[in-house]
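Since the structure comes first, as structure tokens, the remarks are kept for the end.
Please treat every number below as a calculation from the coordinates, not as lab data. Because the structure is a prediction, the values reported are computed rather than measured. In this analysis, Cβ positions are derived from the backbone assuming ideal geometry, glycine residues included, and neighbour counts consider all displayed protein chains.
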Amino acid sequence: MQTVLFEDESMIRDYQAIMKTWFPTGKQRIIPTYGKHEGVKLVGCLDYATGSVYVEEHERYDAKVFLEFLQNVLRRYPRGNIIMILDNAKIHHAKLLKEFLEENRERLTLLFLPPYSPNLNKIEGLWKWLKDSVINNVFFHTVDEIRCVVRKFVAWVNTVPMQVIDRLCA
């Protein structure tokens with residue numbers, strides 16, 4: 001059995017842009033911000049065959065976080081080979097990963113996309129879908145409110161795998 005996963009990170013900031021919205025001429029909608037410049041950092045993967053989405057929230061992005069994410073992915077997929085398609089972020093090439101990748105080379109293969117090609121990474125569409133659906137054009141009072149809507153969105157997406165496949169993988 002072989003599993004193909006698309007992996008990426010995304011930052012959901014506490015200040016959101018207005019995206020494609022209607023308002024009367026001269027009455028642009030104003031979305032306030034509480035000015036903390038915080039956010040929710042996400043690391044996730046999309047299963048190309050099943051439409052399943054796995055997302056983790058973290059305080060930072062670094063090689064240690066990515067290593068833990070890879071370990072969790074192997075636990076989620078206890079059998080078979082995994083091909084993970086991802087970009088060339090520095091954390092994906094860190095020395096800290098070398099031993100782990102060598103120990104798991106029979107089960108886990110990282111396939112790096114060409115530089116500057118986010119259009120080839122299917123999970124990028126998930127981040128856009130998330131932001132368009134529940135983040136943009138909304139004022140959140142706290143980062144915890146953002147976390148809550150992100151979790152609800154991910155939970156919902158995992159109830160509609162065929163819609164995920166049609167939207168992101170077709």
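Of the helices (runs of 4 or more DSSP H) lying entirely inside segment 58-170, the ones with 3 or more residues being hydrophobic (A, V, I, L, M, F, W, C) are found at 63-76, 123-130, 143-157. Summed over segment 121-170, residues that are crowded, with 17+ Cβ neighbours inside 10 Å and polar (S, T, N, Q) total 1.
Of all the criteria given as (1) surrounded by 15 or more Cβ atoms within 10 Å (Cβ to Cβ); (2) under 18 Å from the mean Cα position of the chain (by Cα), the one not satisfied by LEU97 is (2). Apart from one condition, LEU108 fits all of (1) loosely packed, with under 13 Cβ neighbours inside 10 Å; (2) more than 17 Å from the chain's Cα centre (by Cα); (3) among the aliphatic types (A, V, I, L, M); the exception is (1). Cβ separations smaller than 6 Å between residues 6+ apart or across chains give no pair from segment 47-73 residues that are within 15 Å of VAL4 (Cβ to Cβ) to residues that are exposed (fewer than 15 other Cβ atoms within 10 Å of the Cβ) and of a type in the set (A, V, I, L, M, F, W, C).
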